[in-house]
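What follows draws every value from the coordinates through simple rules; no lab data is involved. All values derive from a computational prediction rather than experimental measurement. In this analysis, Cβ positions are derived from the backbone assuming ideal geometry, glycine residues included, and neighbour counts consider all displayed protein chains.
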Amino acid sequence: MAFGFFYENWGEIVFVTLLIVGFVLSLVAPSAVLSYMIIFVAGMMGGRLIYVRKKNGVFPYAFVAAGFLIGYVIGSRYGDRLVTVLFFGIGVWLNYYLHDQGYVKDWKIWP
């Protein structure tokens, strides 16, 4: 019964979980530079996830990545929020571009 609930609502559950994780992670960052580095790396991970899943539907994964970003921006104490969103977007775009051009090779872990 519980697995059926998770199977039907996994996007929302992971969204809220990553929203909380992003919020807590942004509170732990002691400076704006570290905060920008963390969000850039998170954007890079999101870009890879979107590249890997581009043929099977990207929306649920973009929704989950947006949950992390929203939580991070809400909890951000240092630095500008617009710059934080910009660094996340640059990270997503850069990693997607590097994968798409073949500069970064992908291991096939899942189909």
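Note that segment 33-39 has calculated 3J(HN,Hα) couplings of 5, 5, 4, 5, 5, 5, 6 Hz, one per residue in order, obtained from phi through the Karplus relation 6.51 cos²θ - 1.76 cosθ + 1.60 (θ = phi - 60°); glycine and proline are x. On full extension, the segment bounded by Leu98 and Val21 gains 25.0 nm, given 0.36 nm per residue less the C-alpha separation. Comparing Phe87, Phe15, Phe59 in a Gaussian network model of the chain where C-alpha atoms under 10 Å apart are linked, the largest mean-square fluctuation is found at Phe59. Treating r as the C-beta distance of Ala66 and Met37 and R0 as 35 Å, the FRET efficiency rounds to 0.95.
Segment Glu8..Val83, full-extension length gain: 23.5 nm, with 0.36 nm per residue of separation and the alpha-carbon distance subtracted.
Taking trypsin sites (Lys or Arg not before Pro) as exposed when DSSP calls them loop and at most 12 other C-beta atoms lie within 10 angstrom, the chain has its longest site-free stretch at 1-54. For segment 12-101, the Kirkwood hydrodynamic radius comes to 12.9 Å, computed from all pairs of different C-alpha atoms.
Find out how many positive minus negative residues lie around Ala32, taking Lys and Arg as positive, Asp and Glu as negative, among other residues whose Cβ is under 15 Å from that of Ala32. Mind dumping the intermediate values first?
On the way: positive: Arg77, Arg81; negative: Asp80.
With Lys, Arg at +1 and Asp, Glu at -1, the net is +1.
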